[in-house]
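Each reported figure results from applying straightforward, stated rules to the coordinates on display, with no laboratory input. Because the structure is a prediction, the values reported are computed rather than measured. Cβ coordinates were reconstructed from backbone atoms using ideal geometry, including for glycine residues, and neighbour counts include every protein chain displayed.
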Amino acid sequence: QSVLTQPPSVSGAPGQRVTISCTGSSSNIGAGYDVHWYQQLPGTAPKLLIYGNSKRPSGVPDRFSGSKSGTSASLAITGLQAEDEADYYCQSYDSSLSGPWVFGGGTKLTVL
Amino acid sequence: VQLVESGGGLVQPGGSLRLSCAASGFTFSNYAMHWVRQATGKGLEWVSAIGPAGDTYYPGSVKGRFTISRENAKNSLYLQMNSLRAGDTAVYYCARADHDYGDYYFDYWGQGTLVTVSS
């Protein structure tokens, strides 16, 4: 069981907007620690998508955005494209025995 | 930036294995480095970390069995894994950690090396 909770799957049609939630607790996201997001395309290594809650690394399209509030964070993808079909993971820092670096269980995005 | 893992393979339960990660394209000694693993069809699990000064960190699941180390002169990261169990079977990734006035995130990842623990 992951310290950070994500929905197992989400889906959307091309062009639509989808969001992926990441729910934590007072020992991680709620304690003020940053949330980062990774995209893992099938058969490849994870790639940094969002860091510091809402910042995009160079080369990541602005269709991807992140936000954080309280004990949760969200990744939003607008203008959904077929190439966005992948697994998405949130990651944060945890001050309990689970950490210190923890991941969400991952969310499979299916583009219909 | 390039990270290339090696050393994976098939090992019997209770056995040992040493993974390596060759880094290039950045000043290796300036960065914290991590190992993250992923069992087939499962999510990401943080395995160990080592700071630029050699301070090390482990989750409870591997503490006492795994040892992370680095050799800055060779731009190399290592993971010594002892007392291996079937549950350690996974692809092991090395990852560079960076931060931006905040908490650390993993900005570059290797392609991974597969470790299979089975009799």
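Overview of values
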read-out	value
Of B:GLY43, A:GLN91, A:TYR38, farthest towards positive along the dipole that unit charges on Lys, Arg, Asp, Glu beta carbons give the protein assembly as shown	B:GLY43
Spatially proximal lysines relative to A:LYS68 (Cα-Cα < 26 Å; intrachain offsets below 8 disregarded)	A:LYS47, A:LYS55, A:LYS108, B:LYS42
Charged-residue dipole, Cβ positions (Lys, Arg, Asp, Glu), chain B about Cα centre, Debye nearest 20	440 debye
The protein assembly as shown, dipole about Cα centre (Lys/Arg Cβ +1, Asp/Glu Cβ -1), debye to the nearest 20	300 debye
Among B:GLY60, B:GLY25, B:GLY41: highest mean-square fluctuation, GNM of chain B, C-alpha pairs under 10 Å	B:GLY41
Cα-based reach from B:LYS63 at 15 Å (exclusive), listing aspartates and glutamates while leaving out same-chain residues under 8 positions away	B:GLU45, B:ASP55, B:ASP88
Cut-off 13 Å between beta-carbons: net charge of the residues surrounding A:ALA31, Lys and Arg +1, Asp and Glu -1	-2
Shape call, chain A: gyration tensor on alpha carbons, a/c limit 1.5	prolate
Charge-dipole axis of chain B as Lys and Arg at +1 and Asp and Glu at -1 on Cβ define it, positive-most pick from B:CYS21, B:HIS34, B:THR116	B:THR116
Three-way shape label, chain B, alpha-carbon gyration tensor, a/c 1.5	prolate
Per-residue Cβ neighbour rank within 10 angstrom, fewest leading, A:VAL111, B:VAL62	A:VAL111, B:VAL62
